[in-house]
Structure formats: structure tokens, C-alpha cells
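Below: one structure, written as C-alpha cells.
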Amino acid sequence: MGDLTMDFLRLMLMAAMLLTSLQGQAAESATHPAAAPAMHDVEFLRSADKACTDCHKEQTDGMHGKHAKATNPNNLAPVTCTNCHGLPSPQHREGVKDVMRFSDSFNKAPGKEGYPIAEQNSVCMSCHEPKPLREALWAHDVHMTKLSCTSCHQLHPAKEPMVGIPEKSRVKLCVDCHSKQHATKAANQQASVSKEAP
Ligand code: HEC
Ligand code: HEC
Ligand code: HEC
Ligand code: HEC
Ligand code: HEC
């Protein structure tokens with residue numbers, strides 16, 4: 001829906017611009033070279049997220065972290081909402097599965113449908129290469145298919161919780177989650193053992 005509306009608005013604006021510039025040219029062709037359209041092009045790019053932020057007020061300032069000013073390596077355009085969330089239909093408001101929802105795959109929020117880890121992470125990996133990830137943290141590789149990226153990362157807030165944390169806190173991060181994981185595993189094993197028992 002968003003894209004169609006945007007395309008339509010874009011068309012209308014271009015038609016209006018063309019008309020104004022034609023009228024302008026007719027009236028004072030000598031004084032006004034065609035400089036205006038370039039300025040409007042910049043405005044179109046800046047408002048690429050408006051179709052979403054009209055409703056999602058808390059995201060009105062867009063992203064607060066690094067992605068706010070990031071360039072999409074695939075098309076060299078600014079990163080937009082739809083690069084990560086896809087192009088949702090109006091029905092996404094009722095939870096229809098066409099808007100990408102990111103979640104903590106380890107500490108699942110109750111009642112929230114989790115999207116498969118592979119599906120979530122493939123969105124991130126459409127821009128992020130494995131090599132720099134490995135260099136930043138070797139443990140990226142071992143979790144690639146086991147955890148969603150957003151089990152550790154948070155992209156909307158200004159402060160990305162993972163980047164620049166002291167070594168000690170990083171180790172605590174690993175230990176905390178892994179001891180929880182072992183506790184859950186042990187509990188599950190015990191449950192299945194007692195089920196098998198006659
Ligand atoms: C007409 C209003 C409206 C528009 C336009 C709109 N949304 Fe939504 N969106 C909603 C509502 C209502 C919900 C469901 C309530 C909620 O979960 O926050 C929702 C839910 C979502 C969610 C899931 C939120 C969650 O908590 O899981 C995401 C992500 C999202 N929208 C992204 C987008 C993106 C990206 C766009 C632009 C392409 C967009 N929306 C356009 C109203 C809108
Ligand atoms: C459309 C391309 C694109 C997508 C999709 C994308 N990223 Fe990024 N991301 C970037 C770019 C480009 C940067 C570098 C920004 C900079 O350094 O200025 C970045 C930076 C980051 C950073 C560093 C942030 C910081 O504060 O230093 C993290 C962490 C990150 N991305 C995680 C993710 C995760 C997790 C996902 C999936 C949920 C994701 N990214 C999806 C393009 C993308
Ligand atoms: C187990 C937790 C964890 C998971 C899961 C995880 N990361 Fe990270 N990530 C980190 C930590 C910790 C750092 C910070 C390394 C540093 O700068 O000290 C980091 C750094 C990054 C950076 C910044 C790299 C740079 O050059 O500074 C990017 C980008 C990133 N992660 C993307 C991802 C993506 C994409 C995924 C999912 C495929 C992912 N991460 C999954 C913990 C995680
Ligand atoms: C680089 C990828 C990326 C981009 C770009 C992005 N989002 Fe998100 N979005 C996420 C992730 C990941 C989450 C899960 C929470 C988090 O990490 O902050 C999320 C969560 C959300 C939610 C759910 C509310 C919540 O706090 O859990 C909404 C709504 C949303 N985004 C809307 C938007 C809108 C609107 C835009 C454009 C202004 C946008 N997003 C741009 C990755 C992205
Ligand atoms: C949010 C939870 C979480 C965090 C944080 C986390 N891990 Fe993991 N880790 C997992 C899960 C889940 C697996 C998959 C285990 C399985 O397949 O049974 C895993 C697997 C691994 C593996 C592969 C071996 C194995 O046990 O299967 C290694 C090595 C590992 N993690 C190291 C780390 C390190 C180092 C850190 C800190 C940088 C870290 N982990 C942070 C949850 C986490």
C-alpha cells in the first residue's frame with residue numbers, strides 16, 4: 001500500500017513540478033534555468049520513511065542509532081524502514097505476517113509470535129558480510145543459526161547495547177545466557193526422563 005501511495009504522490013508532484021516549470025519557462029525562460037527539480041528530488045529521498053512514521057510516532061525521528069545515517073550497500077541509497085521490515089500491507093496492523101518482526105529468540109516474549117531465526121537473520125545478512133562480523137566477535141559464527149541477531153542487538157535506540165561494552169561485561173553476557181541455557185536444557189531432559197519412566 002505504502003509504495004503505491006508514494007508512487008502516486010511522486011507522480012502528482014512531478015506533474016505539478018513539470019507544469020510549474022513549463023509555465024515558468026514560458027514566462028521568464030531567460031532568468032530561470034531548470035534548477036528546481038533537483039531540490040525536490042532530495043526531498044523525496046528524505047521522506048521515504050514517512051509512509052511508516054505517520055503511524056509509528058515513536059519512530060518519527062526514524063532510527064536513533066547508526067542505521068539512521070547508514071547507506072544501504074546494495075543500492076547506495078539511505079537505509080529505509082522497508083529495508084528491514086519489508087513492505088507491509090494495511091493488514092499488518094492486525095498482525096498479518098507480512099511485516100518483518102524482530103525478536104529475542106532466546107528470551108521469547110510471551111504471546112508474541114517469533115519469526116524463524118533464519119528469516120530474521122537473513123535480513124541483516126543482506127547488508128552485513130560474515131567476515132567483518134567474525135573480526136568484531138568470533139562468536140558471531142557459532143550463533144548464526146542458533147540465535148536471532150536481536151537476541152543481543154537493538155537497532156532503534158541511540159545506544160547499541162553490544163558495541164563498545166567493556167570486556168568484563170561481554171564475558172558476563174556469554175556466561176549469563178549460557179548458564180540459563182544449560183538450566184533449561186537440564187530441566188527439559190529431566191522432564192522427558194520422568195515422562196519415559198513407567
Ligand atoms: C495506518 C497506520 C500504519 C501505517 C501506515 C504503518 N503501520 Fe505498522 N503498524 C500499525 C499498527 C496499528 C500496528 C499494530 C500495533 C503494534 O503492534 O504496534 C503496526 C505494527 C507494525 C510492526 C510490528 C510491531 C510489533 O510490535 O511487532 C512493524 C514492525 C510495523 N508496523 C512497521 C511498519 C512499517 C515499516 C511501515 C511502513 C512501510 C508501517 N508499519 C506502516 C500501523 C501502521
Ligand atoms: C539495508 C542495509 C542494512 C540492514 C538490512 C541492516 N544493517 Fe546493520 N548496518 C548497516 C550499515 C551500512 C552499518 C554501518 C553504519 C555506520 O558505520 O555508519 C550498520 C551498522 C550496524 C551495527 C553497528 C552499530 C553501531 O552502533 O556501531 C550493528 C550492530 C548492526 N548494523 C546490526 C544489524 C542487525 C542486527 C540487522 C538486522 C536486524 C541489521 N544490522 C540490518 C546496514 C544494514
Ligand atoms: C551473542 C550475542 C550476539 C549475537 C547473537 C550477534 N551479535 Fe553482533 N555483536 C555482538 C557483540 C558483543 C559485538 C561488539 C564487538 C565489539 O565491538 O566489542 C557485536 C558487534 C556487531 C557489529 C559491529 C561490528 C563492527 O565492525 O563494529 C555488527 C555489524 C553486528 N554485531 C551484527 C550482527 C548481526 C548481523 C548478527 C546476526 C547475524 C549479530 N550481530 C549477532 C554480539 C552479538
Ligand atoms: C536496520 C534495520 C531496521 C530499520 C532500518 C528499521 N527497523 Fe524497526 N526494528 C528493527 C529491529 C531489529 C527491531 C526490534 C527492536 C530493536 O532492535 O530495536 C525493530 C522494531 C520495530 C518496531 C516494533 C516496536 C518495538 O519497539 O519493538 C516498529 C514499530 C518498527 N521497528 C518500525 C520501524 C520504522 C517505522 C522504521 C523506519 C523509520 C524502522 N522500524 C526502521 C530493525 C529496523
Ligand atoms: C542470548 C543468549 C546467548 C548469548 C548472550 C551467548 N550465547 Fe552462545 N549460544 C547460545 C545458544 C542458544 C547456542 C546454541 C546451543 C545449542 O545449539 O544447543 C549457543 C552456542 C554457542 C557456542 C557453540 C557451542 C555450543 O555450546 O553449542 C559457543 C562456542 C558460544 N555459544 C559461545 C558464546 C560466547 C563466547 C558468547 C559471548 C560473546 C555467547 N556464546 C553468548 C546462546 C547465547
For this session: Only helices (runs of 4 or more DSSP H) wholly contained in region 103-198 count here; list those with 2 or more residues that are among the aliphatic types (A, V, I, L, M), more than 16 Å from ligand 2 (Cβ to nearest atom) and more than 21 Å from the chain's Cα centre (by Cα).
Result: 167-196
Exercise. Taking region 85-95 as the region of interest, how many residues are within 13 Å of ligand 4 (Cβ to nearest atom) and assigned to a helix (DSSP H, G or I)?
Worked result: 3
Seminar exercise, completed: Condition set surrounded by fewer than 17 Cβ atoms within 10 Å (Cβ to Cβ) and within 18 Å of Ala118 (Cβ to Cβ), scope region 86-100, selection farthest from the chain's Cα centre (by Cα): answer is Lys97
Seminar exercise, completed: Picking from Asp98, Asp54, the residue that is touching a Pro at 6+ places or on another chain (Cβ under 7 Å) and either farther than 23 Å from Thr145 by Cβ or near ligand 4 (Cβ under 8 Å from one of its atoms) (or both) would be Asp98
Problem set entry | region 138-157 residues that are free of Cβ contacts under 8 Å to residues at least 40 places away in the same chain, paired with ones that are aliphatic (A, V, I, L, M) and in a loop (DSSP other than H, G, I, E, B) (beta carbon under 6 Å, 6 or more apart) | Cys152/Met162; His153/Met162
For this session: Report yes if His67 is near ligand 4 (Cβ under 9 Å from one of its atoms) and in contact (Cβ under 8 Å) with a residue 60 or more places away in the chain, otherwise no.
Result: yes
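Values in this text are rule-based calculations from the coordinates and carry no lab data. This structure is a prediction, so every number in the text was calculated from the model and none was measured. Every residue, glycine among them, receives a Cβ derived from its backbone with ideal geometry; neighbour counts consider all protein chains shown.
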